[in-house]
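Just below is one structure, and these are the notes that go with it.
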Amino acid sequence: MSQIATTNRLDRPVDEAHDHVLGPADAPITIIEFSEYQCPFCARVNPTLKQIEEKYAGKVRLVFKDFPLPNHAQAPKAAEAAHCAGEQGKYWPLHDRLFANQQQLQVPELKAHAAAVGLDQAAFDQCLDSGKHAANVQADIDLGASLGVQSTPTLYINGRVVTGAQPIGVFTSIIDEEL
């Protein structure tokens, strides 16, 4: 069920130490997205967020948090793969490719996606096979659970909660109010 909570706000700072962020650090709008690569609703909100980035260039920063749901078995390893790509400066290209190929998230397919975005294959494979970023993914899951996140995508726009793959108008109305 999709909803917008205008009275429910994120009331504490969120650690971004291991996150990947798009947009300037001093942007007046911060969108924190709890999402995962196997969720069809998350894939549907991804293009909306790209439109937001374009429309509000320089005014919005997007912080991606991993929140693989228990019923999506490939989502945790896909999240790790994105972090491994981030080590080579290609987090966002792999992020977008994983959303575009949600039916291809087994480990051999993740490695093929890495090759397709031009990663150093040996370094990526070693990173993914080692589980190096599993603790980062789990930290996001724990944070999301502590905030009451129950479904994906769950987004916080300057602390205001939006759940589900909402139309762009929902996002722009909140952003415009916040600006």
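Brief remarks on what is shown
- With respect to the conditions (1) open to solvent by less than 10 Å² (accessible area, probe 1.4 Å); (2) under 18 Å from the mean Cα position of the chain (by Cα), Q103 falls short on a single one, namely (1).
- Unmet criterion (only one of (1) in contact with a helix residue (DSSP H, G or I) (Cβ under 8 Å, 6 or more places away or on another chain); (2) assigned to a strand (DSSP E or B)) for V161: (1)
- The residues on offer are L155, L143, and the sole one that is at pLDDT 95 or above, out of contact with any helix residue (DSSP H, G or I) (no Cβ under 7 Å at 6 or more places or on another chain) and within 19 Å of D66 (Cα to Cα) is L155.
- Residue check, D19 open to solvent by less than 40 Å² (accessible area, probe 1.4 Å), modelled with pLDDT under 95 and not aliphatic (A, V, I, L, M): yes
- Candidate set from region 49-82 (those that are closer than 12 Å to I157 by Cβ and outside any loop (DSSP other than H, G, I, E, B)); member that is most open to solvent (accessible area, probe 1.4 Å): R61
- Residue count for region 153-168, restricted to those that are open to solvent by less than 10 Å² (accessible area, probe 1.4 Å) and among the β-branched types (V, I, T): 3
- With respect to the stated conditions, V149 fails to be outside any loop (DSSP other than H, G, I, E, B), under 18 Å from F34 (Cα atoms), among the aliphatic types (A, V, I, L, M) and open to solvent by less than 50 Å² (accessible area, probe 1.4 Å).
- Qualifying residue in region 39-62 (condition: under 18 Å from S151 (Cα atoms), small (G, A, S) and in contact with a strand residue (DSSP E or B) (Cβ under 8 Å, 6 or more places away or on another chain)): no
- Residue within region 34-46 that is hydroxyl-bearing (S, T, Y), open to solvent by less than 30 Å² (accessible area, probe 1.4 Å), outside any helix (DSSP H, G or I) and touching a residue at least 40 places away in the same chain (Cβ under 8 Å) present: yes
- Check on R97, touching a helix residue (DSSP H, G or I) at 6+ places or on another chain (Cβ under 6 Å), over 15 Å from E33 (Cβ atoms), open to solvent by 10 Å² or more (accessible area, probe 1.4 Å) and of a type in the set (D, E, K, R): yes
The values are calculated or read from the model by the stated rules, or taken from the named source; none is laboratory data. This structure is a prediction, so every number in the text was calculated from the model and none was measured. Cβ atoms come from the backbone with ideal geometry, glycine included; neighbour counts cover every protein chain shown. Each accessible area value is taken on the protein alone, full model and side chains, heavy atoms only, with ligands, DNA and RNA left out. Shrake-Rupley method; radii C 1.70, N 1.55, O 1.52, S 1.80 Å.
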